[in-house]
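Engineer: First the structure, which I've put down as structure tokens, then a few questions once you've had a look.
The values are calculated or read from the model by the stated rules, or taken from the named source; none is laboratory data. Everything quoted here is computed from the prediction, not taken from an experiment. Reconstructed Cβ throughout: ideal geometry from the backbone, glycine too, with neighbour counts over all protein chains shown.
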Amino acid sequence: MANLGYMQVVRHCNQYCRFCSNPESEYMLDPETARKQIDDFAARGYHGIILTGGEPSLSPHIPEITRYAAAKGLHARMITNGSQIADMGTLKRFVEAGLKHYHVSIHSCRNEVEDFLTGIRGSHTRAIKALANLGELQSRDSDIAVNINTVINSFNCGHLHENIAFFIQKFPFIRHFVWNNLDPSMGRAETNRDTAPMLRNLEVSLNKAMRLLHESGRTFRVERVPLCFMAEFAAHSTETRKIVKGEERIVHFLDEKGTVRQTNFEHLKADVCKVCSLNQICGGLFDLGSWYDPAELAPVFIPKEPIIRQILADAAA
């Protein structure tokens, strides 16, 4: 099981995303605590660590943490907005330390939408420069891997497929994409109530985007989207994959939540889910109540066994 542990290394950021679920604070992970967390992941037999934040590249300890993880046999990767690695010198320093896997968060191929969502003028330009830098290094070092992370929200849910067409054309070296449907339960999304999409508004564009990636031979994952809105690509649901494979997720937060170990990836369900053939492997609806509407859910009647076989075959490959 390829469990990955999440480590918040900072809680501050140089962007002000409308949907950020991690309110900013002055906390920063110190090297000694980082080593203890890495030791724990290694003892649990984890595959690797994901450095997150805030904006993790703002921590001065990234190279040291990366080297220690490698010494413990753990693969390190980072979720970043790309602003710091738009500077080639910074990127090379991270890569030389062994940090060669980057999840670059970009939410729209449209310059004005990306800058609006991040709250910072020029953030789109810097993210594109970061991808160009990564592409330049990847052309000389095939161990460098680049993913795109996108938060699905009401301002991009209609052009998710345009994003994919843009990235495939401009950065063909990117082979994996991740969508996270917006978490409306905390942080700025609670204030910016215009950011949460209705599921019906993301369905068409998301499925077009998944088909583009499937036809191009790329891989992708989708989080917090019920299977009735992505039944054709159910094997690509993060929750479904973790349910089928029996995986867990540990996150070391830099706030009062502390360390959270997640072994249950089912969210809330509606009554109609009881007759859905995929109910046992579906994560359900992330947040009921005033955000996502349970009335949007509808049962599907396709066999779950082929989906399970595909997930297990992927894991064995």
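Engineer: Restricting to the range 85-112, name every residue that is farther than 21 Å from ILE62 by Cβ and either among the basic types (Lys, Arg) or surrounded by fewer than 17 Cβ atoms within 10 Å (Cβ to Cβ) (or both).
Structural biologist: Residues satisfying the conditions are ARG110, ASN111, GLU112.
Engineer: Run ALA209 past the list (1) hydrophobic (A, V, I, L, M, F, W, C); (2) assigned to a loop (DSSP other than H, G, I, E, B); (3) under 19 Å from GLN169 (Cα atoms) and report the number of the one that doesn't hold.
Structural biologist: (2)
Okay, residues lined up against (1) farther than 28 Å from MET186 by Cβ; (2) at pLDDT 95 or above:
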{"residue": "PRO23", "(1), (2)": "no, no"}
{"residue": "THR33", "(1), (2)": "no, yes"}
{"residue": "ILE38", "(1), (2)": "no, yes"}
{"residue": "ALA42", "(1), (2)": "yes, yes"}
{"residue": "ILE50", "(1), (2)": "no, yes"}
{"residue": "HIS61", "(1), (2)": "no, yes"}
{"residue": "ILE65", "(1), (2)": "no, yes"}
{"residue": "ALA71", "(1), (2)": "yes, yes"}
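Engineer: Another question, if that's okay. The conditions are (1) surrounded by fewer than 21 Cβ atoms within 10 Å (Cβ to Cβ); (2) among the aliphatic types (A, V, I, L, M); (3) modelled with pLDDT of 95 or more, and ALA2 fails exactly one of them. Which is it?
Structural biologist: So the condition that ALA2 fails would be (3).
Engineer: Show the residue pairs meeting these rules: Cβ distance below 7 Å; 6+ apart or different chains; first residue within the range 123-139 and under 16 Å from ILE168 (Cα atoms); second residue buried (at least 20 other Cβ atoms within 10 Å of the Cβ) and hydroxyl-bearing (Ser, Thr, Tyr).
Structural biologist: Sorted first by the residue in the range 123-139, then by its partner, the pairs are LEU134/TYR102.
Engineer: Quick one: in the range 188-199, of everything that is outside any loop (DSSP other than H, G, I, E, B) and within 13 Å of ASP287 (Cβ to Cβ), which residue is modelled with the highest pLDDT?
Structural biologist: Among those residues, the one meeting the criterion is LEU199.
Engineer: Find all pairs meeting these conditions: Cβ atoms under 6 angstrom apart; at least six residues apart or on different chains; first residue within the range 153-164 and farther than 15 Å from SER105 by Cβ; second residue surrounded by fewer than 18 Cβ atoms within 10 Å (Cβ to Cβ) and charged (D, E, K, R).
Structural biologist: Filtered contacts from the range 153-164: HIS161/LYS208.
Engineer: Kindly provide the set of residues from the range 41-93 that are among the hydrophobic types (A, V, I, L, M, F, W, C), farther than 21 Å from GLU247 by Cβ, in contact (Cβ under 8 Å) with a residue 40 or more places away in the chain and out of contact with any Phe, Trp or Tyr (no Cβ under 8 Å at 6 or more places or on another chain), ordered by number.
Structural biologist: LEU58, ILE65, ALA86, MET88, LEU91
Engineer: While we're on this one: Working carefully through the options GLU136, GLU114, find the one that is outside any loop (DSSP other than H, G, I, E, B) and in contact with a His (Cβ under 7 Å, 6 or more places away or on another chain).
Structural biologist: GLU114
Engineer: Moving on. Step by step: first the residues of the range 214-269, then only those that are in a loop (DSSP other than H, G, I, E, B) and touching an Asp or Glu at 6+ places or on another chain (Cβ under 9 Å), then the one that is surrounded by the fewest Cβ atoms within 10 Å (Cβ to Cβ). Which residue is that?
Structural biologist: Looking at the filtered set, the residue picked out is THR263.
Engineer: Moving to a separate point now. So, in the range 278-295, how many residues would count as being surrounded by fewer than 16 Cβ atoms within 10 Å (Cβ to Cβ) and more than 22 Å from GLY187 (Cα to Cα)?
Structural biologist: Within the range 278-295, residues that are surrounded by fewer than 16 Cβ atoms within 10 Å (Cβ to Cβ) and more than 22 Å from GLY187 (Cα to Cα) number 2.
Engineer: Next question, about the same structure. What number of residues within the range 87-101 are farther than 18 Å from THR125 by Cα, out of contact with any Ser or Thr (no Cβ under 6 Å at 6 or more places or on another chain) and in a helix (DSSP H, G or I)?
Structural biologist: Count: 5.
Engineer: Among the residues of the range 294-308, what is the count of those that are in contact (Cβ under 8 Å) with a residue 60 or more places away in the chain and of a type in the set (Gly, Ala, Ser)?
Structural biologist: Within the range 294-308, residues that are in contact (Cβ under 8 Å) with a residue 60 or more places away in the chain and of a type in the set (Gly, Ala, Ser) number 1.
Engineer: Something else about it: When you go through ASP143, ASP183 one by one, which is the residue that is in contact (Cβ under 8 Å) with a residue 40 or more places away in the chain, surrounded by fewer than 16 Cβ atoms within 10 Å (Cβ to Cβ), in a loop (DSSP other than H, G, I, E, B) and not small (Gly, Ala, Ser)?
Structural biologist: The conditions single out ASP143.
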